Every structure is written in structure tokens, then in C-alpha cells.
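Peer 1: One structure follows; several queries about it will come next.
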2 protein chains.
Amino acid sequence: MATPPTRPALRARYERRRQEVVDAAAKVFALRGYHATSIEDLIEATGLTRGGLYHYMPGKRDLLLAVVDELMDPLLRRAEEILALPQAPEAHLRELTQAWLEHVASHRWHMIVFSQERRTLEQEPGWSDVRDARAHFEQLLADVLERGRRDGSFSMRDPQLGLLMLLGSVNYTPQWYDPSGRLGPEEIATRYCDMLLDGIRSAR
Amino acid sequence: MATPPTRPALRARYERRRQEVVDAAAKVFALRGYHATSIEDLIEATGLTRGGLYHYMPGKRDLLLAVVDELMDPLLRRAEEILALPQAPEAHLRELTQAWLEHVASHRWHMIVFSQERRTLEQEPGWSDVRDARAHFEQLLADVLERGRRDGSFSMRDPQLGLLMLLGSVNYTPQWYDPSGRLGPEEIATRYCDMLLDGIRSAR
DNA sequence: AAACTTATACTGAACGGACGGTATATGTGT
DNA sequence: ACACATATACCGTCCGTTCAGTATAAGTTT
């Protein structure tokens, strides 16, 4: 019943398998949707049996929280690393977007689950952390845009809408991104930033 | 059991109430998610009783299909109206985006349901129509961008990614759009196009 | 216009099945 | 021997659906 082993020797294997279960669940949740996924589906995806599965999770809901929990943390830490270095807003924006898209690409299923279930999970215990982390990251982006506006390098009519456009573009990416496709995350990031900064109109 | 009346006198009222049921369902599906929505929730949302609800729908699944079905048709017709008039690619792009965002704003719940359930509904009977209509609309947008590239008015590094950025921005809009908010659909459309065309970088 | 017949709108209880979760048994490695 | 991993069978509950029945409005006959 989801009891982590006390023996240090077995701890590592347990955590590794648990992570495999979470990742497998992320993919199934993303493809079928959380509520439409039955325990039977999770069994099929993990290769375990009913009892074995419950050895690694307290319940289906906790598995969902595990999928979205700690999803934003690595990205937030990376973002703060980037912002710690003093740079022009444009450079900050480009590096943030690149780190963000690399994260999206490597956690594609988790991101889709987040988008799909964010509404059904509002006001759920443990959910507020995820939402706060998300809001925090968006605030960091907003700050960069605002800083660019203040120092004169950006001049959007509506700062808020600029952020929303960027959020929309990146958050939509998991829907079509193909790891074996033509474009990698860093190329996508570069071109998003190119378009957001200079637009697609030909220079006249 | 969801049998439309044959008598012409009652047909109108039936269709009106059925539409109310579908719209109410759209909102509940959007907020809670389709699978997480119980018949009890639908009863509460519609004001009907269990049996009464089944008078207007053959089943829960059909109700979901009704929500997304015929969602794209009005937009597609409007798009073809716009494209029938000979105009410059930029004008076409701006008008398409505006019509699109007006549609998104007035069918916000339906759109959220579509985004949330598109994966769970793949390879479902009746679903291919919706997907085809969606693909058709995206193709119309892609054609406009391509026409702009050919005649020299647009010059994006990657035509496909320009489309995906626009799709992301607009498809993300229902997630934050507030009908009583500061910005209406036409203003949002204008500023999206401003940013996509000219970027947010200050003129130097 | 009154009486009658049928189509339609709605009710509420009950059913059948699926689903998440648990208890218990049996290996398996330390 | 003990902790841990996995297997199997089972339970209670919830949920989508059905159905027999009632009330009312629409159409028809007299």
C-alpha cells in the first residue's frame, strides 16, 4: 500500500520504479484523459498488476498530483538562474523561452495533463502549489516584458496581451510537438522569439 | 427517449430547449471536464430531472458530440465569405482573426470542451467531421500566410511555425477571456495581428 | 364548443455493470 | 527470519441508462 522501503539499499530501486509508474501514467492520462483512464489502463501501461500498482501509489488521484507536482520546480529554478545574470530584456526573454520549451518538450505528456485537468483540479489539496508555481513563472515573464518596455527595447500596445500571446504559443506547443520532427525545442524557441520581437511583415 | 416531436407546432419549442440543454452541458463539461461530469451535475445545470434530461438526449456521449458538432460550421462559412472578397493577405488575415476571435468569445465553453476532449474523442463516430472542419479552417489560414509570403508582404523564417503561433495564441484565449473584461474580441484580434505582423520590438 | 384521442413533456424508482480500492496470499531477495 | 514485491479475488459504491407511469397540451370528432 504505497509504503516506501526503509532499507536504504532498496530505496533507490523503489523510487526509480515509482518514477516509471508516474511517467507511464502521465502518458496515459494525457492520451485518454484522467477520468477516462481506468486502473485497468494503468495496469496495461505499467505492466504491473492491480496489487503491484497500489504498491507504488496510494490512489489514482495521488498519481495525478504526482504527475503535475514538481513539474514547475525545475523550470522555476532554471528561470531564476537565467534571471540572476544581468542581461538585456531581449536576451533574458530568449533564454527563458528556450529553457521553457526544452522543459515542455521533455515533459510533453505531463504538460498536456496539466492543461487538460487544470480546471477539474482547482481547489484540490496540493493543487495550490502547482498553480502558484505556474503563476510565479508567468510573473517572471511579465517582469521581463515590463522591464523591456521601461527601458525602451519593447513597445507593445498592451503588455498583458503580449504575455498572453507568448503563453498561448508555448502552451499550445505540446499539442503538435513531435520529438522526431523537423524542429527541436531550441529552434522553436528562437523562431517564436523572432516572430514575437520583429513580426512576420517584410521590411519595407 | 430523445424523440423529436413530429408535430410542427411543438418542434420549435423542443429544439429551443434542446439547445439550452446543450449549452448548459457545454459550460459544465468545460468547468468540470466531460468524464468528471455526472448526470446529476447535468440535472442541476439544466433544472430538469433524470428522465426529463433523457427526453432531450440519447445519452451523455451524444450530448458531448452535440457540443462540438456544428461548432466550426458557422466560422467556416464566415471565413469563406471573407476570403471571397479579393484583398491583400494582411487584410484577409486581420478579418479572419477577428471573425475567429468573435466566434471563440461567443462559444467559449464549447471551445474549452473541444480542447479538453479532442484526444479522448479521436476515432469516435461523428468526430471526423469536427476534425476535418478544424483542419479546413487551419488550411485557410495557412493559405493566407503562404499567399503573403509569395507576394512579399510576409517574410517569416518558417511559415508553418507562424501559423502554429497564431493557432496557439487564439486557442489559448478561451482560458483567460472574460466577457466582462477590459478587452473585447475585436480588440484582442487587432492586437494579436499587430504583434504577429510587426512584433513588439521598438522601432529603431 | 365539448368530449375524446393521441402525441409530447416530464417524473422517479430501479437495474446492471464498471470502477476504485482493499485484503490476503505467495513469491523473492537480503 | 524478515522486508519487500507482486498476484488474485473480492467488496461496496457510484453512475449511466431504462422504463413504467402521470400530467398536459395538441389535434380530431361530434
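Peer 1: If you take the Cα atoms of the stretch A:101-204, find Rg, then find the Kirkwood Rh from the mean of 1/r over all pairs, what is Rg/Rh? Before the final figure, lay out each step's value.
Peer 2: Values: Rg = 15.7 Å, Rh = 15.6 Å.
Checking Rg against Rh, the ratio lands at 1.01.
Peer 1: Residue by residue through the stretch A:61-75, what is 3J(HN,Hα) from phi via Karplus (6.51 cos²θ - 1.76 cosθ + 1.60, θ = phi - 60°)? Round to whole Hz and write x for glycine and proline.
Peer 2: So the Karplus estimates, Gly and Pro as x, are 4, 5, 5, 4, 4, 5, 5, 8, 5, 6, 7, 8, 3, x, 5 Hz.
Peer 1: Got the relative contact order for the stretch B:1-77 handy, in percent, Cα pairs under 8 Å and 6 or more residues apart?
Peer 2: Here the relative contact order equals 39 percent.
Peer 1: I'm a student and want to see the number: the projected area of the Cα convex hull of the stretch A:38-91, averaged over all directions, in nm². Spell out each step's value before the answer.
Peer 2: Numbers: hull surface 22.5 nm².
Dividing the Cα hull surface by four gives the mean projection, 5.6 nm².
Peer 1: Here's something else I'd like to know. Ratio of Rg to Rh for the protein assembly as shown, alpha carbon only, Kirkwood? Could the numbers behind the result be given before it?
Peer 2: Working: Rg = 23.3 Å, Rh = 23.4 Å.
Using Cα coordinates only, the ratio equals 1.00.
Peer 1: So how tilted is helix B:185-198 from the main axis of chain B? Cα-based, degrees 0 to 90, rounded to 10.
Peer 2: Computed tilt is about 30 degrees.
Peer 1: From the helices alone, meaning DSSP H stretches of at least four residues, give me the mean residue ellipticity at 222 nm for chain A, per-run term -39500 (n - 2.57), in deg cm²/dmol to the nearest 500. Intermediate results must be reported in sequence, preceding the final value.
Peer 2: On the way: 10 runs with 141 residues, N = 204.
Helix-only estimate at 222 nm: -22500 deg cm²/dmol.
Peer 1: Same structure again: Pick from B:Asp178, B:Asp158, B:Asp132: which residue has the top mean-square fluctuation in a GNM of chain B where Cα pairs under 10 Å get a spring?
Peer 2: Maximum fluctuation in the GNM of chain B, among the listed residues, is at B:Asp158.
Peer 1: Please list, in chain and number order, the residues 5+ apart from A:Ile200 or on another chain whose amide H is under 5 Å from its amide H, with Hs placed from the backbone.
Peer 2: B:Leu197, B:Asp198, B:Gly199
Peer 1: Picking from B:His103, B:His92, B:His35, which is most flexible by a Gaussian network model of chain B using Cα springs under 10 Å?
Peer 2: Highest fluctuation among the options: B:His35.
Peer 1: Shifting gears a bit: Treating each Cα of the stretch A:1-46 as an identical point scatterer and ignoring solvent, apply the Debye formula and state log10 I(q)/I(0) at q = 0.21, 0.23 Å⁻¹.
Peer 2: -0.71, -0.78
Peer 1: Can you pull a Stokes-Einstein diffusion coefficient for the stretch A:1-77 at 20 °C (1.002 mPa s), Rh from Kirkwood over Cα pairs, as a whole number of µm²/s? Intermediate values should be presented prior to the final figure.
Peer 2: Numbers: Rh = 13.0 Å.
In µm²/s, the coefficient rounds to 164.
Peer 1: For chain B, set up a Gaussian network in which alpha carbons nearer than 10 Å are linked by springs, and say which option among B:Gly47, B:Gly152, B:Gly162 fluctuates the most.
Peer 2: B:Gly152
Peer 1: Would you mind working out the magnitude of the charge dipole of the stretch B:41-131 relative to its Cα centre, with +1 at each Lys and Arg C-beta and -1 at each Asp and Glu C-beta, to the nearest 20 Debye? Mind showing how you got there, number by number?
Peer 2: On the way: 10 positive and 15 negative charges, 45 e Å.
Around 220 debye, computed over the stretch B:41-131.
Peer 1: Continuing with the same structure: Against the longest principal axis of chain B, how steep is helix B:127-150, in degrees 0 to 90 to the nearest 10, with axes from Cα atoms?
Peer 2: Result, in degrees: 10.
Peer 1: Once you charge only the Cβ atoms, +1 for Lys and Arg and -1 for Asp and Glu, what is the size of the charge dipole of chain B about its Cα centre, to the nearest 20 debye?
Peer 2: Values: 27 positive and 30 negative charges, 72 e Å.
Dipole of chain B, to the nearest 20 debye: 340 debye.
Peer 1: Using alpha carbon coordinates only, what is the Rg to Rh ratio of chain A, with Rh defined as the Kirkwood radius? Don't skip to the answer; put the middle values down first.
Peer 2: Values: Rg = 19.7 Å, Rh = 18.9 Å.
Using Cα coordinates only, the ratio equals 1.04.
Peer 1: Another question, if that's okay. Using only Cα atoms and rounding to the nearest 10 degrees, what angle (0 to 90) does helix A:159-172 make with the longest principal axis of chain A?
Peer 2: 40 degrees
Peer 1: Continuing with this model, one more query. Over the stretch A:29-128, calculate the relative contact order: mean separation of alpha carbon pairs under 8 Å at least 6 apart, over the residue count, as a percent. Mind dumping the intermediate values first?
Peer 2: Values: 43 pairs, mean separation 38.2, N = 100.
Relative contact order here is 38 percent.
Readers should treat all values here as calculations from the given coordinates under stated rules, not as data from a laboratory. It should be emphasised that the depicted structure is a prediction, and the values quoted were computed from it without experimental measurement. Positions of Cβ are generated from backbone atoms using ideal geometry, with glycine treated the same way; all protein chains shown enter the neighbour counts.
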